[in-house]
Amino acid sequence: QVQLVESGGGLVQPGGSLRLSCAASGSFFRFVTVAWYRQAPGKQRELVAGISSSGTTNYADSVKGRFTISRDNAKNIMYLQMNSLKPEDTAVYYCHAHLMASDYWGQGTQVTVSS
């Protein structure tokens, strides 16, 4: 059974930093591309960053240079380091894995950027 559990969200001031974590169950993790998505109120869910099993990364233009995605295959954990946060980064952040034609999502973690 695939389970994804996010943590690390919270309230931060503009310009601040947070690190999100996504812990995955099962031995599938190291073989698949995993990603972070976010959904702000009234908006569609959007891709923030992804990382392949070999470590190749991609980012949304809006977060390039500010966010860094990484993974620790030995621990089955994916991270999202978020720096220089802006109010428009406020959203629920979800981790995602695609495995054997199915999509798996975590429960989400709230990130609020506000003074």
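Among Arg45, Arg19, what's the order by accessible area (1.4 angstrom probe), most exposed first?
On the way: Arg45 90, Arg19 130 Å².
Of Arg45, Arg19, the descending order of accessible area is Arg19, Arg45.
To make sure I understand the rule: partners must be lysines, Cα under 24 Å from the Cα of Lys43, and not fewer than 8 residues away in the same chain. Which ones qualify?
Within reach: Lys64, Lys86.
When the Kirkwood radius is taken over all Cα pairs of the chain, what Stokes-Einstein diffusion coefficient follows at 4 °C and 1.567 mPa s, in µm²/s?
Numbers: Rh = 14.1 Å.
The calculation lands on 92 µm²/s.
What accessible area, in Å² to the nearest ten, does a 1.4 Å probe give for Thr56?
Roll a 1.4 Å probe over it and Thr56 shows about 90 Å².
Just how much of Glu46 is accessible, in Å², when a 1.4 Å probe is used and the result is rounded to the nearest 10?
Counting only protein heavy atoms, the figure is 80 Å².
Just the number please: accessible area per residue for the chain, 1.4 Å probe, all protein chains included, in Å².
Values: 6080 Å² over 115 residues.
Per residue, the chain has 53 Å² of solvent-accessible surface.
Report, ordered by chain and residue number, the aspartates and glutamates lying within cross-link reach of Lys75, taken as a straight Cα distance under 16 Å and ignoring same-chain residues fewer than 8 apart.
The reachable aspartates and glutamates, counting only those whose Cα sits under 16 Å from Lys75, are Glu6.
For the chain, what relative contact order do you get, as a whole percent, if you take Cα pairs closer than 8 Å and at least 6 residues apart? Walk me through the intermediate numbers first.
On the way: 273 pairs, mean separation 42.1, N = 115.
Averaging sequence separation for qualifying contacts and normalising by length gives 37 percent for the chain.
Share of the chain's accessible area from carbon and sulfur, percent, 1.4 Å?
Numbers: 2940 of 6080 Å².
Percent of accessible area from carbon and sulfur atoms in the chain: 48.
Asp103: accessible area at probe 1.4 Å, nearest 10 Å²?
90
The values are calculated or read from the model by the stated rules, or taken from the named source; none is laboratory data. Note that this is a predicted model, so its numbers are computed, not measured. The protein model used for the area step is the full one, side chains on, heavy atoms only, and it has no ligands, DNA or RNA in it. Shrake-Rupley method; radii C 1.70, N 1.55, O 1.52, S 1.80 Å.
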